[in-house]
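**Q** Before I ask anything, here is the structure I am working with.
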Amino acid sequence: MTQAPARPKRILHLHFGKEGGAERFFVSLCQGFADEGVEQRFLIRPGRSWRDEVAALGAVKEAHYPRFWPIRKLLQNWVDAQTRDWKPDAVIAWMPKAATLLPEAAGPAKLVRLGDYPRHIEHFARASCIITNTPDIPNRLKSLGWTGAVEVISNFPRVGETAGEAPEFDLPTGSFILCAAGRFVGLKGFDSLIRATALTQGTALCLVGDGEERPALEALTRELGISERVQMTGWVPDPTRWLAAADLACVTSTHETLGNVVLEAWHCRIPVISTPTPGPSWLIEDGKTGILLDDFDPETLAEGITRAKDEDALRAQMVDKGAAKLNAEFSQKAIVGAYFKAIKRYRSY
């Protein structure tokens, strides 16, 4: 029997993220640590929608990241005091800016967690190890001159959101429902998904989220004459529940470092289709755990949607194999355990 990794007692998190999928995973991981009995404390931006969720897990200090050193020094003093007095087993900096506040003192594992490609490595001088969520980010780090430790520990899907009554779609009855979730920004490719919906018969689309591109996307649905076939939910606290109620999860980004929606689709046991961006290309085996497209064109996407819609056996196979891969490689237990091993490896007391 495989022995469980030693559990750390305390973790201090430094997080200056805003709102989105990365923050949803941060909260999930912290809840996973708490499930294992780990004490936690948090430094986060003020006014985050997820503040109360982490506050239920430990003490929270709210502060903006200071651009100027004299002010940043005050925040550094707070981090150093927490490290000295509370003695965390690990200090985890989420994204590059937070890494500048890692303590200099030896003792805790000083980890930086990256969910995207860094532009430089100057913020990482104090890091014991950089943790990335896909195997391609280490290549960028190496090209930038990073010679320190790097480990790949991916995400797990947010659990618990699918409980309760399923949401009701405001879409034509009997439609094959496509669903995508995320911020309404250009790189998410929701315009291509709307165009692909217009090209496929018997489909309807639910876009879960909101953002700056919403007026343009609404105008596109009117231009294509499919407004009644497209629903936009606005921000919701539980997007996974909407995915779980759909027939096909769609990842249509022009850039996606990982693709949490892929993991969430596997968790919800619905098939998934994706454009060939780095994260989904690593996760999906075409025709087995999902449909991986050759390019980003709406016509190619429409062909893939039609393939999923028309082939019942294919959808069933993708659901079964996706769930099996999730349980083997991307479960909460596996990912939390990998963090525990990293903390044990890089702490010095």
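The values are calculated or read from the model by the stated rules, or taken from the named source; none is laboratory data. In this text the structure is predicted, and so the values were computed from the model without any measurement. No Cβ is skipped: glycine too gets one built from the backbone with ideal geometry, and neighbour counts run over all protein chains shown. In case anyone asks, the SASA skips ligands and DNA or RNA and just uses the protein heavy atoms, side chains included. Shrake-Rupley method; radii C 1.70, N 1.55, O 1.52, S 1.80 Å.
**Q** When N counts the residues of the stretch 21-168, how does its alpha-carbon radius of gyration compare numerically with 2.2 N^0.38 Å, as a ratio? Numbers along the way, then the final one.
**A** Values: Rg = 16.3 Å, N = 148, 2.2 N^0.38 = 14.7 Å.
Scaled against compact globular proteins, the figure is 1.11.
**Q** Just to confirm the number: angle between the C-alpha axis of helix 21-35 and the first principal axis of the chain, 0 to 90 degrees, nearest 10?
**A** 60
**Q** Could I ask something else about it? Just from its helices, what would the mean residue ellipticity at 222 nm be for the chain, if runs of 4 or more DSSP H residues each count -39500 (n - 2.57) and the sum is divided by every residue, rounded to the nearest 500 deg cm²/dmol?
**A** Values: 13 runs with 137 residues, N = 349.
Taking each H run of at least 4 residues, the total per residue is -11500 deg cm²/dmol.
**Q** For ASP52, ASP247, what's the largest-to-smallest order of accessible area, 1.4 Å probe? Display every interim value, and only then the final one.
**A** Working: ASP52 110, ASP247 60 Å².
Order by accessible area, largest first: ASP52, ASP247.
**Q** Now for a different question. Solvent-accessible area per residue for the chain at a 1.4 Å probe radius, Å²?
**A** Values: 15610 Å² over 349 residues.
On a per-residue basis, the chain sits at 45 Å².
**Q** Let me ask something else about it. State the antiparallel share, in %, of DSSP beta bridges confined to the stretch 146-257, rounding to the nearest 5.
**A** Details: 1 of 12 bridges.
The answer is about 10 percent antiparallel.
**Q** Also: Is there a pair in LYS9/LYS61; LYS9/LYS288; LYS18/LYS110; LYS18/LYS87; LYS73/LYS333 whose C-alpha atoms are over 29 Å apart, and which pairs would that be? Intermediate results must be reported in sequence, preceding the final value.
**A** Details: LYS9/LYS61 20 Å; LYS9/LYS288 40 Å; LYS18/LYS110 22 Å; LYS18/LYS87 27 Å; LYS73/LYS333 37 Å.
In this structure, LYS9/LYS288; LYS73/LYS333 lie more than 29 Å apart at Cα.
**Q** Take the alpha-carbon centre of the stretch 1-75, take the same for the stretch 85-152, and report the distance between them in whole Å.
**A** 15
**Q** Now for a different question. Provide the gained length on full extension for the span GLU104 to PHE68, in nm with one decimal, where the gain is 0.36 nm per separating residue minus the Cα-Cα distance.
**A** On the way: separation 36, 0.36 × 36 = 12.96 nm, distance 1.90 nm.
That pair, GLU104 and PHE68, stretches by 11.1 nm at full extension.
**Q** What figure in square angstrom, to the nearest 10, would you give for the accessible area of TYR349 with a 1.4 Å probe?
**A** 120
**Q** Report for the stretch 193-349 the percent antiparallel among DSSP-assigned beta bridges with both residues inside it, nearest 5.
**A** Values: 1 of 10 bridges.
Rounded to the nearest five, the antiparallel share is 10 percent.
**Q** Can you give the percent of C-alpha pairs in the chain whose distance is more than 35 Å? Don't skip to the answer; put the middle values down first.
**A** Values: 16028 of 60726 pairs.
Beyond 35 Å sits 26 percent of the P(r) for the chain.
**Q** For the stretch 208-303, compute Rg over Rh where Rg is the Cα radius of gyration and Rh is the Kirkwood radius from the inverse mean 1/r over Cα pairs.
**A** With Rh from the inverse mean 1/r over Cα pairs, Rg/Rh is 0.96.
**Q** Does anyone have the angle between helix 190-199 and the longest principal axis of the chain? Alpha-carbon axes, 0 to 90°, nearest 10?
**A** That works out to roughly 20 degrees.
**Q** Take every DSSP beta bridge whose two residues both sit in the chain, then give the antiparallel share in percent to the nearest 5. The partial results should precede the final answer.
**A** Working: 1 of 44 bridges.
Looking only at bridges with both residues in the chain, the antiparallel portion is about 0 percent.
**Q** Moving on to the next point. Suppose the chain between ASP294 and GLU329 were pulled fully straight at 0.36 nm per residue; how much longer would it get relative to their current alpha carbon spacing?
**A** Working: separation 35, 0.36 × 35 = 12.60 nm, distance 2.51 nm.
Extra length available between ASP294 and GLU329 comes to 10.1 nm.
**Q** Please compute the length gained on full extension between ARG7 and LYS87, using 0.36 nm multiplied by the number of residues separating them and subtracting their Cα-Cα distance. Numbers along the way, then the final one.
**A** Working: separation 80, 0.36 × 80 = 28.80 nm, distance 1.48 nm.
Taking ARG7 through LYS87 to full extension adds about 27.3 nm, to one decimal.
**Q** Order ASP191, ASP210, most accessible first, counting only protein heavy atoms with a 1.4 angstrom probe. Each step should come with its number before you reach the end.
**A** Working: ASP191 70, ASP210 40 Å².
Per-residue accessible area, sorted high to low, gives ASP191, ASP210.
**Q** Of GLU213, GLU23, GLU303, which has the most accessible area and how do the rest follow, probe 1.4 Å?
**A** On the way: GLU213 65, GLU23 15, GLU303 130 Å².
Highest to lowest solvent-accessible surface, that is GLU303, GLU213, GLU23.
**Q** If one takes the longest principal axis of the Cα atoms in the chain, at what angle in degrees, from 0 to 90 and to the nearest 10, does the Cα axis of helix 298-310 lie?
**A** That works out to roughly 80 degrees.
**Q** Another question, if that's okay. So for the pair ALA166, ASP320, with labels modelled 7 Å out along Cα→Cβ, what separation do we get in nm?
**A** For the pair ALA166/ASP320, the computed spacing is 2.1 nm.
**Q** A further question follows. Return the whole-Å distance between the Cα centroid of the stretch 238-278 and the Cα centroid of the stretch 315-338.
**A** Each part reduced to its Cα centre gives a spacing of 14 Å.
**Q** For the pair ALA55 and GLU285, what calculated FRET efficiency results from E = 1/(1 + (r/R0)^6), where r is the Cβ-Cβ distance and R0 = 45 Å, to the nearest 0.05? Present the calculation step by step, with values, prior to reporting the outcome.
**A** Working: r = 40 Å, r/R0 = 0.89.
Computed FRET efficiency for GLU285 and ALA55: 0.65.
**Q** Assign unit charges at the C-beta atoms only (+1 for Lys and Arg, -1 for Asp and Glu), then state the dipole size of the chain relative to its Cα centre in Debye, rounded to the nearest 20. Could the numbers behind the result be given before it?
**A** Values: 42 positive and 43 negative charges, 434 e Å.
Result for the chain is approximately 2080 debye, rounded to the nearest 20.
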